[in-house]
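Have a look at the structure below before the remarks.
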Amino acid sequence: MNQVVETASALRRLRLRSTQTRIPSAIVVAPPAPKREPIQIDNSLAKLLDQVTRLLPDLHHDLFDLLGQIPSGRVTTFGRLAAALGDRHAARWIATVLRHDSRAASVPWHRVVRLDGSLPGTSRSDSLSQKDLLLREQIPLRDERVMSSVDFFEDFASSHPLLRLQEEQRQAAERVSLHDQIPERPTLAGIDVAYPNPGQARAAYVEFDPRLKTVVYERIVDSEVGFPYITGFLSYREIPAYLYLLAEVEAVRPLADVLLVDGSGVLHPRGIGIAAHLGVLLDRPTIGVSKKLLHGSLVDRGDDSLVVDIAAESREIRGAAVKVTRDNKPIYVSPGHGCSVERAIDLVQLSFATHRLPEPVYLADRLSKARSPL
DNA sequence: GCGACAG
DNA sequence: ATCTTGTCGC
């Protein structure tokens, strides 16, 4: 299989041009990377990428700043740190960092405990255990737990970076359109991201003809990860990888009329899952396809029908649980942008083949996970 | 102990 | 998402 892999840093050095290449309608697969022949990148996508990445907060830096604020002899909880970042959902990410990241050894990681007072410890081989470090600061422990009489530190000075992102999400949500802007017989592409190594994202694009059931074009682009996974904020982790990918694709051929994105569309607590957010940024039709339901509730019992409506908070139908066959687990479909709920379901069903996921998304998922020459 | 929890 | 071996089912 022919694949083209470009690193983010290599992409940044590429010259920007605006010529468009015409591709014959036959099956086209990306040729092996030519020797440093300047690849054309669409100016607007490159600009968008720059804009998006510039506004990304450095959450790692912000977290370590907060950790440094916990006074000696005091303790706090993962949830309180997460709240200081602006969203309690960040608690699990914080726990992962403190447990696994070697850099946490140089900050007072031991002053962070669970809400019930129990000690999470660390996977690092630090010389002193969390218990020893806390006893040294005279923090009262009983049965490996901080005693309930201890009150948790929460007087953090913080700019609440995740609150700022929530506000940005609300503004983006206002720009979402559920009106169809899709041609009669649209071309379709599935996109997905995998993480072959820590800190490295690999985004894949697979354009698929649902009637011929054939792959029309595929592409892989590697880039660096600049944001952790936090529930509700997937966009900030994966959209940069998608923009690198789409800039490369658009330099070679027109993007598909509809992008099927692995993730939620408008079925999101603020109405702006990754498919919707990407659609708004590109102002192009997108559809969200996820394996788990992030937000909303089923309207019917989902036993016998292939399509079950999903209502969001306002009781409006915003998506559906859709199955290939009766006894399959469903996938969850919601419009991203420039697409109605009904059309989203139609197009997903049209692109079903033999797998649980619509074929373009299934193939993009597989392609992103395929090992490739580096 | 149970539910929530996109990727 | 990723870490992972064999195993069960069509």
Pop the C-beta distance of A:Ser118 and A:Thr231 into the FRET formula with R0 = 22 Å and round what comes out to the nearest 0.05.
-> 0.45
How would you classify the stretch A:269-374 from its alpha-carbon gyration tensor, with a ≥ b ≥ c the square roots of the eigenvalues: rounded for a/c under 1.5, else prolate if a/b is greater than b/c, otherwise oblate?
-> oblate
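Defining a contact as two alpha carbons under 8 Å apart and six or more residues distant in sequence, what relative contact order in percent does the stretch A:59-159 show? Could the numbers behind the result be given before it?
Numbers: 123 pairs, mean separation 33.6, N = 101.
After rounding, I find 33 percent.
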Which angle from 0 to 90°, rounded to the nearest 10, does the C-alpha axis of helix A:341-350 make with the longest principal axis of chain A?
-> 70 degrees
Spin-label zone in the stretch A:256-292 - amide nitrogen under 11 Å from a point set 7 Å from the Cα of A:His179 along the C-beta vector = none
With chain A treated as a Gaussian network of Cα nodes joined by springs under 10 Å, which of A:Pro228, A:Pro254, A:Pro161 yields the largest mean-square fluctuation?
-> A:Pro254
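Using 0.36 nm times the number of residues separating A:Asp327 and A:Asp132, minus their current alpha carbon distance, what extension gain do you get? Display every interim value, and only then the final one.
On the way: separation 195, 0.36 × 195 = 70.20 nm, distance 5.38 nm.
Between A:Asp327 and A:Asp132, full extension yields 64.8 nm more.
What stretch of chain A, leaving out the sites themselves, is the longest with no GluC sites (Glu not before Pro) in a DSSP loop having at most 15 other Cβ atoms within 10 Å?
Details: sites that count: A:Glu137, A:Glu144, A:Glu154, A:Glu184, A:Glu313, A:Glu316.
Between exposed loop sites, the widest span is A:1-136.
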Computed lengthening from A:Ser297 to A:His355, 0.36 nm per intervening residue step minus Cα-Cα distance | 18.5 nm
Here, A:Asp209 and A:Leu56, labelled 7 Å along Cα→Cβ, have an inter-label distance in nm of 3.7 nm
Helix A:91-100: angle to the longest alpha-carbon principal axis of chain A, degrees 0 to 90, nearest 10?
-> 70 degrees
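Over chain A, with the other protein chains present, what is the accessible area per residue in square angstrom, probe 1.4 angstrom? Numbers along the way, then the final one.
On the way: 18120 Å² over 374 residues.
Dividing the accessible area of chain A by its residue count gives 48 Å².
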Using a 1.4 angstrom probe on heavy atoms only, work out the carbon and sulfur share of the accessible area of chain A in %.
-> 50 percent
Given Cα pairs under 8 Å that are at least 6 residues apart, what percent is the relative contact order of chain A?
-> 18 percent
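Within the stretch A:186-295, what percent of beta bridges assigned by DSSP are antiparallel, to the nearest 5? Walk me through the intermediate numbers first.
Values: 19 of 27 bridges.
Around 70 percent of the beta bridges assigned by DSSP in the stretch A:186-295 are antiparallel ones.
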For the pair A:Arg170 and A:Ser125, how long in nm is the line joining their label points, each one 7 Å along Cα→Cβ?
-> 5.0 nm
How far apart, in nm, are the 7 Å Cα→Cβ label points at A:His100 and A:Asp155?
-> 3.5 nm
So A:Asp346 and A:Ser305, fully extended at 0.36 nm per residue minus their Cα-Cα distance, gain in nm 13.3 nm
Exposed-loop cut sites defined as trypsin sites (Lys or Arg not before Pro) in DSSP loop states with at most 12 other Cβ within 10 angstrom; longest site-free run of chain A spans A:37-210
Paramagnetic reach from A:Asn43 in the stretch A:229-270 [backbone N under 11 Å; point 7 Å along Cα→Cβ] | none
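The values are calculated or read from the model by the stated rules, or taken from the named source; none is laboratory data. Bear in mind that the values here come from a model prediction, so they are computed numbers and not experimental data. A quick note on method: Cβ atoms are made from the backbone with ideal geometry, for glycine too, and the neighbour counts reach across all protein chains shown. Calculation scope for accessible area: heavy atoms of the full protein, side chains included, ligands and nucleic acids excluded. Shrake-Rupley method; radii C 1.70, N 1.55, O 1.52, S 1.80 Å.
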